[in-house]
Amino acid sequence: MHKDRDMAGDFMHMTDRLRPLLGPADHGDPSAPVLHRHDYDEEASDKELATFSIRSDSGGHRYAVRKSDDPALRTPDPAAPSSMDDGHPEGDIPWSRGMQ
């Protein structure tokens, strides 16, 4: 413990000697708003994170699900045509006429 106190004292002594050269520590105005500038990587990250939905399970654990994989957020797709659907009204399928 005594050795730790010496290292701290040495550090404080060094900072006291450097203060005339470097000036006092400047902490800025704590009441000033924080300026946060987004760069390209942050914008790309924000765009990627926007594709996730936050969920919680019954135990209170939180996890992320892609919105495209989340059934609660997925919009229903229009009815997909079946392989038998060729645009003709039912019963009027040209290829089936000869089979009757």
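Bear in mind these aren't lab numbers, they're just calculated from the coordinates by the rules spelled out. Note that the coordinates shown come from a computational prediction; the quantities given were computed from them, not determined experimentally. Quick reminder, even Gly has a Cβ in these numbers, built from the backbone with ideal geometry, and neighbours come from all protein chains shown.
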_Overall form of region 1-55 per C-alpha gyration tensor (a/c, 1.5; a/b vs b/c)_ = prolate
*Amide H to amide H, which residues 5 or more places from residue 52 or on other chains are under 5 Å from it, using H placed in the peptide plane?*
67
*Net charge of Cβ neighbours under 13 Å - reference residue 41; Lys, Arg +1; Asp, Glu -1*: -3
*With θ set to phi - 60°, apply the Karplus curve 6.51 cos²θ - 1.76 cosθ + 1.60 along region 16-28 and write out the HN-Hα couplings as whole Hz, x wherever there is a Gly or Pro.*
5, 6, 8, 4, x, 7, 9, x, x, 5, 10, 9, x
